[in-house]
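Report on the following structure.
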Protein chains: 2
Amino acid sequence: MTASTPSCALITLAAVLSAAAAAAPPRSMGELLVQSTPGDWRKPDPENTLYLQLDTGRVVIELAPGFAPRHVAAIRALARSHYYDGQKIGRVQDNFVVQWGEPATKGITVPALAGEFSRPITPALPFTVLPDTDGYAPAVGFTDGFPAARDVAGKTTWLAHCYGTLGVGRDIEANSGSGAELYVVIGHAPRQLDRNGTVAGRVVYGMESLAALPRGTGPLGFYEKPAEGVTIHSVRVAADVPVTERIPIEVLRTDTPLFAQLVELRRNRADDWYKVPAGYIDLCNVPLPARVSSSTPPE
Amino acid sequence: MTASTPSCALITLAAVLSAAAAAAPPRSMGELLVQSTPGDWRKPDPENTLYLQLDTGRVVIELAPGFAPRHVAAIRALARSHYYDGQKIGRVQDNFVVQWGEPATKGITVPALAGEFSRPITPALPFTVLPDTDGYAPAVGFTDGFPAARDVAGKTTWLAHCYGTLGVGRDIEANSGSGAELYVVIGHAPRQLDRNGTVAGRVVYGMESLAALPRGTGPLGFYEKPAEGVTIHSVRVAADVPVTERIPIEVLRTDTPLFAQLVELRRNRADDWYKVPAGYIDLCNVPLPARVSSSTPPE
């Protein structure tokens with residue numbers, strides 16, 4: 001009769017519930033992700049991963065060389081030359097962007113690059129189309145985990161400006177960006193920037209360290225006093241960081257049946273809280289989950 | 001020849017430039033707002049205005065009695081009973097919401113109200129339609145300065161969840177909200193909440209005091225330790241505050257030719273920085289400017 005002791009009964013009940021949960025269709029993103037397999041996740045290439053270190057934590061950025069090869073190469077080289085180390089975040093504009101760097105920081109003039117605002121569609125380039133459209137592009141979806149848009153008639157594709165997008169600052173001239181000045185979106189998606197600037201990557205971890213920074217009180221959210229600037233201690237390419245000091249981030253793949261399920265679960269919320277499913281989702285409202293891999297000891 | 005002294009020449013040039021700017025079509029929101037007249041702005045009713053006081057500043061909220069009369073009355077009464085004073089903001093979820101209050105704070109149980117998720121369209125209710133649509137609603141636009149949506153076939157209209165929207169927290173049951181628990185959107189518009197919760201107003205000033213709060217590290221962004229909670233010193237109805245202590249906020253009217261011009265300027269950016277105008281804007285990307293009136297001394 002030991003099986004009827006309370007603790008054994010509890011264990012048995014838990015096992016039953018667990019089995020039921022595994023069998024039942026997931027009703028939320030959390031329930032779905034519990035059912036994910038290792039193949040649903042990918043580890044960003046350390047060569048395409050930046051660690052931006054602030055007092056408040058480490059921000060992990062995945063670069064997008066498939067869309068901005070020249071700028072990504074420049075940013076990687078600038079990081080390796082310690083160009084960004086000790087720079088200040090000088091602009092935090094509420095509901096828009098956090099921005100740092102400038103063309104002539106440290107007396108170094110960084111060469112301007114031709115803008116990489118869009119690129120040709122090629123057969124090798126994956127694109128998971130979102131069932132929904134918006135007015136900013138003929139079609140939207142995901143390429144290698146990045147929110148993207150495409151114009152099949154025009155044969156071009158580009159990365160979208162969503163929350164967490166890393167963009168390249170530039171002056172009036174389209175070809176005036178260099179990678180020396182960068183920004184991250186911290187508000188409602190400013191999709192009007194699409195095809196007007198080079199998107200070089202996106203934040204995959206630690207976004208809150210940027211998003212919670214005090215807003216600048218000057219025009220365009222610039223800090224009015226130099227002392228208000230937030231110091232960037234370092235920007236490193238993850239490949240250059242000892243393995244034991246890396247954060248083993250995994251991001252959810254966007255080209256899997258599980259991701260398609262996630263999109264559908266977010267288009268039509270099935271959990272009990274929701275009374276009216278939207279039947280729609282806009283590109284930048286689709287969550288792109290990341291996790292710290294449990295197979296490698298986190299920092 | 002005094003007119004040719006450098007300073008006079010400068011003044012003359014400035015006057016000419018100013019006259020030219022007034023005559024030229026505005027190419028940016030800033031240039032447009034310079035041309036606005038007092039009639040393009042309105043002062044929110046102090047009876048529908050809340051002051052939420054934090055260490056970091058005062059947040060001004062305009063309530064929406066036209067859409068949530070029961071909840072607005074309840075929130076006003078709770079503020080007048082000092083119910084919110086000393087409460088903690090206990091949840092700050094990155095790219096989602098800041099939330100405070102709970103049903104039984106201070107041992108007081110606040111009665112639940114029937115949800116006010118949408119309301120009938122009536123001839124008296126203004127609606128400035130946005131030229132663009134999205135997949136969340138048959139039509140979107142603005143009612144009395146609030147981002148709104150409508151379903152003419154279904155004869156209903158509702159307020160949209162955009163950055164800065166004030167919503168009423170509730171449990172699973174649709175009619176479980178009371179106004180005791182409130183949240184403000186601090187991220188990309190969670191439009192899936194539309195018609196699933198009561199929108200009671202929106203922040204018109206001081207949003208950065210909420211948006212820059214440290215994110216909670218617990219599930220759903222709840223602070224894990226009570227000490228992390230951010231104290232709300234007071235919530236007051238502006239009408240109860242001496243006039244000299246009010247902030248004379250004005251918000252741009254959304255039913256004017258000037259506002260239509262603003263929407264068009266944002267749909268197709270005309271300033272030199274933009275190379276590809278979007279030809280579209282989504283509802284929550286339309287700025288709703290507010291200013292502190294210069295005719296009354298600011299606090």
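Would you jot down the residues in segment A:108-139 that end up with at least 20 Å² less accessible area in the complete protein assembly than in the chain alone, with a 1.4 Å probe? Checking the loss per residue gives A:Gly135, A:Tyr136.
Segment A:170-201 and segment B:172-209 have their alpha-carbon centroids 30 Å apart. Computed from the C-beta positions of A:Arg119 and B:Arg119 and an R0 of 41 Å, the FRET efficiency is 0.30 to the nearest 0.05. Amide H to amide H, with H built 1.01 Å from N, A:Ala278 comes under 5 Å of A:Arg269, counting only residues 5 or more places away or on other chains.
The distance linking segment B:220-235 with segment A:59-79 is 38 Å (Cα centroid to Cα centroid, whole angstrom). Of the cross-linked pairs A:Lys155/B:Lys275; A:Lys106/A:Lys225; A:Lys225/B:Lys43, those separated by over 27 Å at the C-alpha level are A:Lys225/B:Lys43. Rolling a 1.4 Å probe over the protein heavy atoms gives segment B:56-151 an accessible area of 39 Å² per residue.
The length gained by stretching the chain between B:Lys225 and B:Lys275 to full extension, at 0.36 nm per residue less their Cα-Cα distance, is 13.2 nm.
As a calculated quantity, the FRET efficiency between B:Val152 and A:Val34 at R0 = 45 Å, using C-beta atoms, amounts to about 0.60. Association of chains B and A removes close to 3500 square angstrom of accessible area from solvent, both sides included, for a probe radius of 1.4 Å. In the assembled protein chains, A:Arg42 presents an accessible area of approximately 50 Å² (probe radius 1.4 Å).
Amide H contacts of A:Asp94 (H built 1.01 Å from N, in plane; Pro and chain starts excluded): A:Gly216 sit under 5 Å, all sequence-distant by 5 or more or on other chains.
A Förster radius of 30 Å, combined with the Cβ-Cβ distance separating B:Ala260 from A:Arg80, puts the computed FRET efficiency at roughly 0.05. Could you tell me what percent of the accessible area of the protein assembly as shown is made up of carbon and sulfur, with a 1.4 Å probe and every protein chain present? Answer for the protein assembly as shown: carbon and sulfur cover 60 percent of the accessible area.
Highest GNM mean-square fluctuation among A:Ser36, A:Ser118, A:Ser178, for chain A modelled with Cα contacts below 10 Å: A:Ser36. Charge tally for A:Gly115 (other residues, Cβ to Cβ under 12 Å; Lys, Arg +1; Asp, Glu -1): +2. For segment A:18-104, the relative contact order works out to 12 percent when only alpha carbon pairs closer than 8 Å and six or more residues apart are counted. Placing a label point 7 Å from Cα along the Cα-to-Cβ direction at B:Glu224 gives distances to the equivalent points in the other copies of 3.7 nm, listed shortest first. A convex hull fitted around the alpha carbon atoms of chain B yields 175 Å³ per residue. Evaluating 6.51 cos²θ - 1.76 cosθ + 1.60 at θ = phi - 60° for every residue in segment B:223-238, the Karplus couplings come out as 5, 8, 10, x, 5, 6, x, 9, 6, 8, 5, 6, 10, 10, 6, 4 Hz, glycine and proline recorded as x. Contact order for chain B, expressed relative to its length and based on alpha carbon pairs under 8 Å spaced 6+ residues apart, stands at 26 percent.
Angle of helix B:257-267 to the longest C-alpha principal axis of chain B, folded into 0 to 90 degrees and rounded to 10: 90°.
Based on DSSP H segments of at least four residues, each scored -39500 (n - 2.57), chain A has a per-residue ellipticity at 222 nm of -5000 deg cm²/dmol.
Placing a label point 7 Å from Cα along the Cα-to-Cβ direction at A:Glu245 gives distances to the equivalent points in the other copies of 5.3 nm, listed shortest first. Between B:Ile172 and A:His233, the simple spin-label model (points 7 angstrom out along Cα→Cβ) gives 4.5 nm.
Across identical copies of the chain, B:Asp85 has label-point separations of 5.3 nm, listed in ascending order, with the point defined 7 angstrom from Cα along Cα→Cβ. Taking every protein chain into account, the 1.4 Å probe leaves B:Cys162 with about 10 Å² of accessible area, to the nearest ten.
Probing with 1.4 Å while keeping every protein chain in the model, the per residue accessible area of segment A:172-299 equals 40 Å². Shown for segment B:156-177: residues covered by the partner protein chains by 40 Å² or more of accessible area relative to the chain by itself (probe radius 1.4 Å), namely B:Tyr163, B:Arg170, B:Ile172. Using θ = phi - 60° in the Karplus curve 6.51 cos²θ - 1.76 cosθ + 1.60, the 3J(HN,Hα) couplings for segment B:137-142 round to 7, x, 8, 10, x, 9 Hz; x is entered for Gly and Pro.
For chain B, a Gaussian network of Cα nodes joined below 10 Å ranks B:Asp151, B:Asp85, B:Asp55 by mean-square fluctuation, and the top entry is B:Asp55.
Relative contact order of segment A:214-299, taken over Cα pairs closer than 8 Å and 6 or more residues apart, is 31 percent. A crude spin-label estimate for the pair A:Thr109 and A:Asp45, with each label 7 Å from Cα along the Cβ direction, gives 3.2 nm.
The values are calculated or read from the model by the stated rules, or taken from the named source; none is laboratory data. This structure is a prediction, so every number in the text was calculated from the model and none was measured. Positions of Cβ are generated from backbone atoms using ideal geometry, with glycine treated the same way; all protein chains shown enter the neighbour counts. Surface areas here come from the heavy atoms of the whole protein model, side chains and all, with no ligands, DNA or RNA. Shrake-Rupley method; radii C 1.70, N 1.55, O 1.52, S 1.80 Å.
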